[in-house]
Amino acid sequence: MSSNGPAGTERREGIPLGSIAGVPVTLAYSWFLIAALIVAVFGPQVREAFPRLGAGAFAVALGYAVLLLLSVLAHEAAHALTARAYHWPTSKIVLTLWGGHTQFGDLRSTPGRSLLVALAGPAANFLLAAAGFGVLQLVPEGSVAELVTFIFVSANVLIAVFNVLPGLPLDGGRIVESAVWKITGSQERGTVAAGWAGRIISVLLLAAVFIPPYLRGEAPALSLVLLAALLCGFLWMGAGAAISNARVRLRLPQVSAGALMEPAVSLPGRASVGEALRLAREYPDAAVLVTAATGQPEAVVDRGALASVPDEQAGQVPVSAVARPLAAGAYVPEAAAGQELVQYLAKLQGSEYAVIDRDGTVTGLLRQAAVVAAVTGKPARPHR
């Protein structure tokens, strides 16, 4: 599977395996769970078919798990190499419990290129299956080599076919995404459509497990039910994440400092509480900001603290005594918008930012909660 979007925070995900064409490859710790499951399930079957192997049957099962890992690696490497051909920033390949994913950085693409990168993975598995089928004609009939090769071929066909199902997070979801993207001109709308297609696929897979046995008056095998529940849960969550991320990207163009800010007025740090009180009364709906000698905003007047200063002392107390400081560099232009604004604010400390116009004059106060609400579509809590 391929994964578009920023790489996110670096963290230890597993064991580094080197790199392919400069793309780091990591074996996630979760892979060992699926390897153990393969050995536990496949080992006894091999021993039953080839009693002479004894405990060596479990080594054969482990070899199959490794071959399956290499198949997934070839799938993800195909994504990465095709992406590199289009000069996409490709940050890493991670091999996981559910197979793997190739993670890309921020990029601008086209529906056609996105589709080709996505389908390169299943194409690699079809090629491996074809190569394995050729080997199958050469190995002795009834041998361990024949069994392992046959399962290798079957697994690659299964990986390829499963991944071309037309719904995210599967590679085939890019078919739906690219088609809607081409029609609407919006990749995000394509992603939402492909995410819902992925949810439909997860429901249909569950139905395929339960309905046929029910019609025959039987109960499905417990192992099959557990596997289907895990797989469909993975698909449902992956599709939901794709839908949520796409909706966030759809909202980003409307996120701007000028639209989200509260009105604000300013006064220099040398001013008194009395002057701040006058401004607060004159502009009751505006925040009052304090500027440094350089003109840069440096603090926000706390109206509660401001109101607590006795009138007879207001002229002697400096306004800085009733203000909370802004983080260093916590000011943005009115025109700042979209992903650029969000990424910039993410680098700043604090949760309040002064907004300035082209002349450097303070015009507003932007709160982190307002930006988060605009990005997520959830209402912000009222500021106290």
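Laid out as a table, the results:
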{"item": "Subset tally (residues that are outside any helix (DSSP H, G or I) and open to solvent by less than 80 Å² (accessible area, probe 1.4 Å)) for the range 214-233", "result": "3"}
{"item": "Members of the range 158-175 found to be closer than 13 Å to Gly190 by Cα and among the β-branched types (Val, Ile, Thr), listed by number", "result": "Ile175"}
{"item": "Pro263 vs. criteria exposed (fewer than 14 other Cβ atoms within 10 Å of the Cβ) and either modelled with pLDDT of 95 or more or part of a strand (DSSP E or B) (or both)", "result": "yes"}
{"item": "Condition broken by Ile183, with the remaining ones in (1) part of a helix (DSSP H, G or I); (2) under 17 Å from Tyr64 (Cβ atoms); (3) aliphatic (A, V, I, L, M) satisfied", "result": "(2)"}
{"item": "Filter pass, Ile211 being open to solvent by 20 Å² or more (accessible area, probe 1.4 Å), free of Cβ contacts under 8 Å to residues at least 12 places away in the same chain and among the β-branched types (Val, Ile, Thr)", "result": "yes"}
{"item": "Unmet requirement for Gly258, which otherwise passes all of (1) touching a helix residue (DSSP H, G or I) at 6+ places or on another chain (Cβ under 6 Å); (2) open to solvent by less than 60 Å² (accessible area, probe 1.4 Å); (3) modelled with pLDDT of 90 or more", "result": "(1)"}
{"item": "Complete set of residues in the range 166-179 that are aliphatic (A, V, I, L, M) and open to solvent by 40 Å² or more (accessible area, probe 1.4 Å)", "result": "Ile175, Ala179"}
{"item": "Candidates Ala207, Ala155, Ala118, filtered to the one that is in contact with a strand residue (DSSP E or B) (Cβ under 7 Å, 6 or more places away or on another chain) and in a helix (DSSP H, G or I)", "result": "Ala118"}
{"item": "Total residues in the range 121-152, condition closer than 25 Å to Gly54 by Cα and part of a helix (DSSP H, G or I)", "result": "10"}
{"item": "Residue in the range 336-379 that is most open to solvent (accessible area, probe 1.4 Å), counting only those that are in contact with a Ser or Thr (Cβ under 8 Å, 6 or more places away or on another chain) and farther than 30 Å from Arg270 by Cβ", "result": "Ala369"}
{"item": "Among the residues listed as Ala239, Ala287, Ala276, the single one being closer than 30 Å to Ser178 by Cβ and crowded, with 21+ Cβ neighbours inside 10 Å", "result": "Ala239"}
{"item": "Answer residue from the range 26-71, given it is of a type in the set (Ser, Thr, Tyr), touching a residue at least 40 places away in the same chain (Cβ under 8 Å) and not in a helix (DSSP H, G or I) and is farthest from Gly121 (Cα to Cα) among those", "result": "Ser30"}
{"item": "Residue match in the range 88-95 (condition: farther than 19 Å from Leu168 by Cα, among the hydrophobic types (A, V, I, L, M, F, W, C), touching a strand residue (DSSP E or B) at 6+ places or on another chain (Cβ under 9 Å) and at pLDDT below 90)", "result": "yes"}
{"item": "Meets criteria (of a type in the set (Asp, Glu), surrounded by fewer than 15 Cβ atoms within 10 Å (Cβ to Cβ) and over 20 Å from Leu235 (Cα atoms)) for Glu146", "result": "no"}
{"item": "Test result for Val248, over 30 Å from Val362 (Cβ atoms), in a helix (DSSP H, G or I) and open to solvent by less than 50 Å² (accessible area, probe 1.4 Å)", "result": "no"}
{"item": "Residues being more than 22 Å from Ala57 (Cα to Cα) and buried (at least 19 other Cβ atoms within 10 Å of the Cβ) - total across the range 149-164", "result": "4"}
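The values are calculated or read from the model by the stated rules, or taken from the named source; none is laboratory data. Given the structure is predicted, the values throughout are model-derived calculations rather than measurements. For neighbour counting, all protein chains shown are included, and Cβ atoms are generated from backbone atoms with ideal geometry for every residue, glycine included. Surface areas here come from the heavy atoms of the whole protein model, side chains and all, with no ligands, DNA or RNA. Shrake-Rupley method; radii C 1.70, N 1.55, O 1.52, S 1.80 Å.
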